[in-house]
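Written out below as structure tokens is the structure these notes cover.
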Amino acid sequence: MIRFILLQNRAGRTRLSKYYVPIEEKERRKLEYEIHRLVVNRDPKHTNFLEFRSYKIVYRRYAGLFFSMCIDASDNELTCLEAIHLFVEILDHYFSNVCELDLVFNFHKVYLILDEFICGGELQETAKKVILERLAELDKIDT
Amino acid sequence: MQSKLEKVVAGLKTGPRFLKELREFDNLVKAIGECKSKAEEDRIITQELELLKQRLSDPKLDRSRGKEYMIRLIYCEMLGHDASFAYVKALQFASDPNIHTKKAAYLALTQFLDHNNQLVLLLVNTLLSDLKSDNYLIVCTALVAATKLIGADLVNAVYPVVVGRLRHPKEHVRKKAVLALHWFGQLDPRREGPLAGVELDKHFRTMLCDKDPSVMSAALCALHECIRSDPRPYKNLIPSFTSILKQVAEHRLPKSYDYHRFPAPFIQIKLLKILALLGSGDRAASENMAAVLLQALRRANSSHTIGSAIIYECVRTITTIYPNPQLLAAAAESISPFLLSPSHNLRYTGITALAGITALNPAAAAEHQVAVLDCLEDPDDTLKLKTLELLYKMTRASNIQVITDKMMGYLATCSDEHIRRDIVRKVSDLAERYAPSPAWFVSTLSEVFRLGGEHVDEGAAHRLVRLIAEQDAGLHGSAVEAYLGLLEAQGGEGAGAPSAAPKKKLPETILLVICWVLGEYGHLARRPPAAVLSRLLSILSSHKAATERVRGCLLTALTKLAAHTGGAAGPVGAALLQPHGSAGGGGGGPMGREAAELVHQCLNSQNLELQQRAHELTTLLSLPPPLLSSALPVDAACEEFSAAELAEVATLPFLDPLVTRALAAGAAPYLPPEARGAKTGEAQAKGLRFEAYEPAPYAVPLASSSTSYSAGVNDARLHLGSTSASTSTLAAAASSHTAAAATPAAGNQLQPQLVLKSGGPRKWGPAQYESEPPSQHTAGHSAGSSAAAAHGTAAAGAGPASSSAAGTTTQSGGGRHSRSGSGSAVVTAQNAERERLAASLFGTAGGTAAAAATRPSPAHRPQQQSQPSNGSANASQQQQQRGTAAAPSAMDLLMDLDVPQQQQQLTAAVGPASGSGR
């Protein structure tokens, strides 16, 4: 199960955070700080996995943005790594060539996309086309 | 960054795609983006929050801008500011008829609240009406909110509506409804609370057959969770799962589910996980899924990470289900590209998968020894740690020393709490299972205590103490010397470099062990008892904050030390009994004064335990010498009582006269606790009782038993009993004193807690792990390795994985024999360390050379580079090296302990490299 997802930039500013398990506000700040510190200093050649407390962090870096997912120790790390990539592909399609600023100005959209992709800590929809169609549908009523 | 910002700003001006109505929000984001400091950012956000507070509490609130307000709130909260004033407003906006406002409000609520929050109660009505809405978009939004906000106490309110949505014509709704039910199921996994009697899994089974793949995959998630808690009711679904997996792997799902040309990999992986759970320990089920697993494994390839993910999951499934030789062989074959890959991620998963295979087929790791060694030396901690885990799984008697050494090397450098605890647990576990000799066990465990003592559980300390007690005087002596050395290195007071490098304090557990050992065997030290005394006292000066437990054990240790070295007249006794305040008088100089000071302090301590121990000390030492030596006999920690003796003690015969006297004086006879319990239970069963209570029946016997504590010599014995009991267990609960006191008071040789063993020469570690007695190990390395080979064969023979495995194992066993047979001769100094390490880890050398030659890039092997490898170095040369170059390393391995000569020979197979970790 995915416990939470974080999007942080290199400076450690959280761009998006989604928690699928109840975590106190204060604890969240601490987690975000700790994970950023762990992730930002890692050699790019090293594994994208970190053992973190009794869980595992799988992270991936895209330009200045770090996408981190916290999963159970028994989960498949490679799948998670690819799930992150799929999410980024969807973002890229939706925003056509996504950059950090797209995510900053449209962070509520990103949450919307995430809600279509992951729900209750499980991958909900893995077909890129289905998600994009649905987002287009939502945008249509938006205007 | 700046140019991008301009690009976006320009875009916004000309015709923003998404943000027409969010002008103020944009300005906020821009202002934050231009902030130079955290303080500036905080100021802006505080202003913003003030503004929002004002706007939202305004009765003429512009409801059409609700969405924007919500988004601004989320943004503020994301930057770490408290926006709790707006939670209630968000609840109100959730029931807004405008769908945009509603969606934004739900989003805000899912971000702000979780299912433990009381405010959710206010949302239930809105949520229910939204779930019933005709607009499917609203239903979807409400379902997503339900997966986050509905807790166990609210499930029942929402459950029926969500179940109704399972038959919604839109697949999006059905999918989300399944996931919402999945969430509800997690709230009450045993179906005992709010979901008792609800047929959740029936719905999941139905949804598994949904025509839309995404609904089916949602049902898979839900079923996975159910199966994880109890696989039994779901065995009949195996044919469905295998047929789905087959179809998916054969590319029958719509193209849109492809990911980098792999057919629906995420669904495949989910299915593989479910099959692993269903097939684990179930032979018939495992046979049914074997063909499909093999197909899935063959169809995947490692051309892309997702393909590797499928292979990895296949291997995990294959190693989890009932072992199938054909599948295992295929799995072992498919992970070799992982281990040889330049990608750390793949190597990491490869090592994990290899650990799974090694558990079933111990010979599997030997094929990949070079790769494993590379991973072990990799600078990436995650990878290194995983490799250590693999080593932990493949530890045998033949390679235990190298492996614990590697682990300890890592322990010394690692600072993460969780990892340290894990390693400490592993090393002590391995040491107990495979220790080649008691001396090695003692030295290893002491080292573990030193490096990571805060994580050692008390059980390990007890076993260490017991083991030491069971050995002969030679080991006692060496343990004493080792611990004295440890204390010396620790203290370094005055003489050496005082505080140049402040040493790490020894953890409490090891201090307790040291106290016990020095107390019990301090008289065997090669230096005068006074020196031992001063070392013991140095614990206090170097550990200012020593706990009362340590002080208590220290007192007892001093008592014993004094008793063993001439009693009150001996040097230690004299120092201890020096009258307080007579500074510098004769006795023991400053050191003696310190000892007397300690005793005096404890005599007046507020802690009862300490006070009692101090009184015991003075009382015991004032006894006449013959009585003292029988009270605290030398080396009696291992005295055993026969069953008959114990039975005799248990009846407490020495109390008989007292009891008869009390009975004669009119006391009520003793009533066992069960009888008493029955009586009161009866009374309670009747409910309230109205008659008066009869006088307590056992008041008098209690009084009479307390008289037994007063007799003269008896008193001393009681104290002594409590002393030995508490030291031997290291337990210091004051209450246990009186409990333990009664039993030992009968005899003179009293160390009851240590006498747990049932006899026999080998007395530690679970017996099933290693059946050989340790003496056989000390006979020579070849014995050890042949034992390992036997072990391997036995393991392979036991599992059904055997047929292929047995062959390789016996082969490698033969290799070891020939190696140990080959004698001395030419030492070629190349390539030595890695080869030796490989050999001592895996037991075979030929494979190493071959594999090293095929290994593609040397970039990952710093050590190899520094010592250019001779690719043609053949196996026999390496063997010879190993035979000759090994001897000097023995001391490295043994830390700084004195050990018997035979021990050094035992470690001959370990290269000097093994000591480098420290």
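The values are calculated or read from the model by the stated rules, or taken from the named source; none is laboratory data. Because the structure is a prediction, the values reported are computed rather than measured. Cβ sites come from the backbone with ideal geometry, for glycine too, and all protein chains shown count toward neighbours.
Assorted remarks:
- Only one of A:Leu101, A:Leu81 that is within 9 Å of another protein chain (Cβ to nearest Cβ), aliphatic (A, V, I, L, M) and either within 16 Å of A:Gly121 (Cβ to Cβ) or in contact with a strand residue (DSSP E or B) (Cβ under 6 Å, 6 or more places away or on another chain) (or both): A:Leu81
- When A:Leu114, A:Leu138 are checked against the criterion of being touching a residue at least 24 places away in the same chain (Cβ under 8 Å), under 19 Å from A:Met1 (Cβ atoms), part of a helix (DSSP H, G or I) and hydrophobic (A, V, I, L, M, F, W, C), a single residue qualifies: A:Leu114.
- Matching residues in the stretch B:286-300 - criterion: being surrounded by fewer than 19 Cβ atoms within 10 Å (Cβ to Cβ) and under 35 Å from the mean Cα position of the chain (by Cα): B:Glu287, B:Ala290, B:Leu294
- Exclusive hit being of a type outside the set (Asp, Glu) and assigned to a loop (DSSP other than H, G, I, E, B), set B:Ala152, B:Ala145, B:Ala157, B:Ala104: B:Ala152
- Subset of the stretch A:84-97 [more than 10 Å from chain B (Cβ to nearest Cβ) and closer than 26 Å to A:Lys56 by Cβ]: A:Ile84, A:Phe87, A:Val88, A:Ile90, A:Leu91, A:Asp92
- In the stretch B:87-117, the qualifying residues are those that are surrounded by fewer than 23 Cβ atoms within 10 Å (Cβ to Cβ) and away from every other protein chain (no Cβ under 13 Å), and the one that is farthest from B:Lys53 (Cα to Cα) is B:Pro97.
This table checks each residue for (1) at pLDDT 90 or above; (2) closer than 28 Å to B:Asp374 by Cα; (3) away from chain A (no Cβ under 14 Å); (4) in a helix (DSSP H, G or I).
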{"residue": "B:Leu272", "(1), (2), (3), (4)": "yes, no, no, yes"}
{"residue": "B:Ala284", "(1), (2), (3), (4)": "yes, no, yes, yes"}
{"residue": "B:Gln295", "(1), (2), (3), (4)": "yes, no, yes, yes"}
{"residue": "B:Ser302", "(1), (2), (3), (4)": "no, yes, no, no"}
{"residue": "B:Arg316", "(1), (2), (3), (4)": "yes, yes, no, yes"}
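- Of all residues making up the stretch A:117-130, the number that are more than 7 Å from every other protein chain (Cβ to nearest Cβ), among the hydrophobic types (A, V, I, L, M, F, W, C) and not in a helix (DSSP H, G or I): 1
- Look at (1) assigned to a helix (DSSP H, G or I); (2) within 14 Å of chain A (Cβ to nearest Cβ) and you find that B:Pro342 fails only one, number (1).
- Residues located in the stretch A:32-79, provided they are among the small types (Gly, Ala, Ser) and within 20 Å of A:Leu16 (Cα to Cα): A:Ala63, A:Gly64, A:Ser68
- The stretch B:8-29, residues that are part of a helix (DSSP H, G or I), modelled with pLDDT of 55 or more and at the interface with chain A (Cβ under 9 Å from one of its Cβ atoms): B:Phe25, B:Asp26, B:Val29
- Restricted to strands (runs of 3 or more DSSP E) entirely inside the stretch A:22-105, those with at least 2 residues that are out of contact with any helix residue (DSSP H, G or I) (no Cβ under 7 Å at 6 or more places or on another chain) and not β-branched (Val, Ile, Thr) are A:55-62, A:65-72.
- Qualifying position, being under 25 Å from B:Thr319 (Cα atoms) and at pLDDT 85 or above, among B:Thr358, B:Thr404: B:Thr358
- Condition met for B:Lys36 (within 14 Å of chain A (Cβ to nearest Cβ) and surrounded by fewer than 19 Cβ atoms within 10 Å (Cβ to Cβ)): yes
- Restricting the stretch B:51-86 to residues that are touching a Phe, Trp or Tyr at 6+ places or on another chain (Cβ under 6 Å) and over 23 Å from B:Lys38 (Cβ atoms) leaves a set whose member that is farthest from the other protein chains (Cβ to nearest Cβ) is B:Gly66.
- Take the conditions (1) under 21 Å from B:Ala359 (Cα atoms); (2) in contact with a helix residue (DSSP H, G or I) (Cβ under 9 Å, 6 or more places away or on another chain); B:Arg283 misses just one of them, which is (2).
- If you go through the stretch A:39-53 and keep only what is in contact (Cβ under 8 Å) with a residue 12 or more places away in the chain and facing another protein chain (nearest Cβ under 7 Å), you end up with A:Asn48, A:Phe49, A:Leu50, A:Glu51.
- Inclusion of B:Ser336 among residues that are more than 14 Å from every other protein chain (Cβ to nearest Cβ) and surrounded by 24 or more Cβ atoms within 10 Å (Cβ to Cβ) is not warranted.
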